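Asker: Just dropping this structure here.
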Amino acid sequence: MDQQFLVANDKEPPGSSHMFAIEGNDPPSAVGPGPVPVFQKAVPALGAAYKVPRLVISDHTHVFRKKHFPNVPAQQWNDWRWQNRNRITTLEALARILQLSADEQAALEYHRGSLPVGMTPYYASLLDPANPAEPLRRTVVPSMAEFTRLPGEADDPLSEDGHSPVPGLVHRYPDRVLFLVNNYCTTYCRYCTRSRMVGSSDAARAVTRTQWENALAYIQAHPEVRDVLLSGGDPLSLSDDRLEWLLQRLRAIPHVEFVRIGTKIPVVMPQRITPTLVRMLRRYHPLWMSIHFTHPNEVTPEVAEACERLADAGIPLGSQTVLLKGVNDSVDTMKRLYHNLLKIRVRPYYLYQCDPISGSGEFRTPVSKGLEIIQGLRGHTTGYAVPTYVIDAPGGGGKIPLLPEYVSGREGDDLILRNFEGGQFRYHDPLPAGENGANAGVPANGSLSAGGTSSCISA
């Protein structure tokens, strides 16, 4: 019963999750001309015989497709089902498109268990074939460093399993739950928070219809739950009908006020954001979407068009970015990413300190680096481009925001503030009778340290 519900049909690609299903009845892709500038809609470029493509193909990706998939027309390339069926999942397939380093090859040969290697052909087109240190390549191609476990790291450092009242549901905050709807991603990030479970062939980690039903029953029985975040894996790897079935059930629960979808698919497989999918999603407002962006090189014409479709459907879009050493740990890189996101109507939401997942040490920066980035953004660009920098506290403590030191202290009835340029300013702020600076959350002398006093909030 469970398997019949979850498996799409006998055409399901090898290695795909039980929760993945092939979408049906989507209109065919149009044949497109290829190169189009970033943020610009596709226009006919090669005469009347060519139609405007359903999804633009960027110049760089067009060259990649012609080199590595010469017999695949644009119509097929722009079909998300083709992208999924042709995911690059083996050493041999990677070696055909990348000049693998000795370290990468050793890691691919050594790997066993969950967090498999996998990426869509589209996302592979964004990687530098000759440079193992290229940012996006580092995030999806394994290295031997991921097999080294450092002090403080754990397989489940956020204690998601410990806050799971029923399998697949995490209830950490009072009024919201995290619903892990599958364990499948089309592209696997090497620093994944759920590396213990994603892509796992372990039957204990399989997601079934019974698990969905139990999670829905828990939400139904807890009227304090007003916000449901769908994650996984990746919810957008579900077929339209499976995803709609779930949204219908959630929207039928009176106390669920809105639903969020956490996903990276608009970034790694923008072809998935079809008109059919968007029309379905807009029926379930209020619906929000958090998209996992990592680097400005991900904001391509394809991704811009996919996000535009979602935004036009009235879905508010936010980005969630993990701070990664050697990938995006500079003010300039983050500023370019966030500026590019605002152009495509995605609001920077969270910048995460990299979770202490087992084997993630090569990616983790000091917290001071994140504070430096926030300080380099605040005041130097629009406030819309400044996310909240957070640590998701080990042990299930939730998200704790960190800020540079903008409150320097207090002198009498004046609060001493520091602006983005380092200038000192007085703000007249008399305290109510009987209070002093210390018990008001502001030191009478000295400064308020990053993350100090009452800094714990929920997302």
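Asker: Within region 172-183, identify whether any single residue is closer than 30 Å to residue 77 by Cα, part of a loop (DSSP other than H, G, I, E, B) and out of contact with any Pro (no Cβ under 8 Å at 6 or more places or on another chain), and answer yes or no. So that I can check it myself, show each step before the final result.
Answerer: Step one: of region 172-183, the residues closer than 30 Å to residue 77 by Cα are 180-183.
Narrowing further to those that are part of a loop (DSSP other than H, G, I, E, B): 181-183.
Now narrow it down to the ones that are out of contact with any Pro (no Cβ under 8 Å at 6 or more places or on another chain): 183.
There is at least one residue in region 172-183 that is closer than 30 Å to residue 77 by Cα, part of a loop (DSSP other than H, G, I, E, B) and out of contact with any Pro (no Cβ under 8 Å at 6 or more places or on another chain).
Asker: Let me ask something additional. Among the candidates 357, 344, which residue alone is touching an Asp or Glu at 6+ places or on another chain (Cβ under 7 Å), in contact (Cβ under 8 Å) with a residue 40 or more places away in the chain and more than 26 Å from residue 195 (Cβ to Cβ)?
Answerer: Values: 357 fails: more than 26 Å from residue 195 (Cβ to Cβ).
Checking each option against the conditions leaves just 344.
Asker: Next question, about the same structure. Of everything in region 360-372, what is more than 17 Å from residue 400 (Cβ to Cβ) and either crowded, with 22+ Cβ neighbours inside 10 Å or among the acidic types (Asp, Glu) (or both)? Give them in sequence order.
Answerer: Looking only at region 360-372, we keep the residues that are more than 17 Å from residue 400 (Cβ to Cβ), and these are 360-363, 372.
Passing the criteria: 360, 362, 363, 372.
Asker: How many residues are in a loop (DSSP other than H, G, I, E, B), of a type outside the set (Gly, Ala, Ser) and under 20 Å from residue 186 (Cβ atoms) when one looks only at region 119-133?
Answerer: Within region 119-133, the subset in a loop (DSSP other than H, G, I, E, B) is 120, 125-133.
Keeping just the survivors that are of a type outside the set (Gly, Ala, Ser) gives 120, 126-129, 131-132.
Of the ones still in play, those that are also under 20 Å from residue 186 (Cβ atoms) are 120, 126-127.
Final tally of qualifying residues: 3.
Asker: Are there helices (runs of 4 or more DSSP H) fully within region 67-118 with at least 1 residues that are acidic (Asp, Glu) and farther than 18 Å from residue 147 by Cα? List them. So that I can check it myself, show each step before the final result.
Answerer: Numbers: elements: 74-77, 80-85, 91-97, 102-110.
Correct list: 91-97.
Asker: Report, by residue number, each residue of region 224-275 that is among the β-branched types (Val, Ile, Thr), more than 22 Å from residue 300 (Cα to Cα) and touching an Asp or Glu at 6+ places or on another chain (Cβ under 7 Å).
Answerer: Just the residues of region 224-275 that are among the β-branched types (Val, Ile, Thr), to begin with: 225, 228, 253, 256, 259, 261, 263, 265, 267-268, 273-274.
With more than 22 Å from residue 300 (Cα to Cα) added as a condition, the list becomes 225, 228, 253, 256, 259.
Selection gives 225 alone.
Asker: Looking at (1) out of contact with any strand residue (DSSP E or B) (no Cβ under 8 Å at 6 or more places or on another chain); (2) buried (at least 17 other Cβ atoms within 10 Å of the Cβ); (3) assigned to a loop (DSSP other than H, G, I, E, B), can you tell me which one residue 151 breaks?
Answerer: Condition (2) is where residue 151 drops out.
Asker: Kindly list, by first and then second residue, each pair from a residue in region 43-66 that is over 23 Å from residue 275 (Cα atoms) and surrounded by fewer than 15 Cβ atoms within 10 Å (Cβ to Cβ) to a residue that is of a type in the set (Phe, Trp, Tyr) and modelled with pLDDT of 50 or more, limited to pairs with Cβ atoms under 7 Å and residues at least 6 apart or on different chains.
Answerer: none
The values are calculated or read from the model by the stated rules, or taken from the named source; none is laboratory data. All values reported here derive from a predicted model rather than from experimental measurement. Quick reminder, even Gly has a Cβ in these numbers, built from the backbone with ideal geometry, and neighbours come from all protein chains shown.
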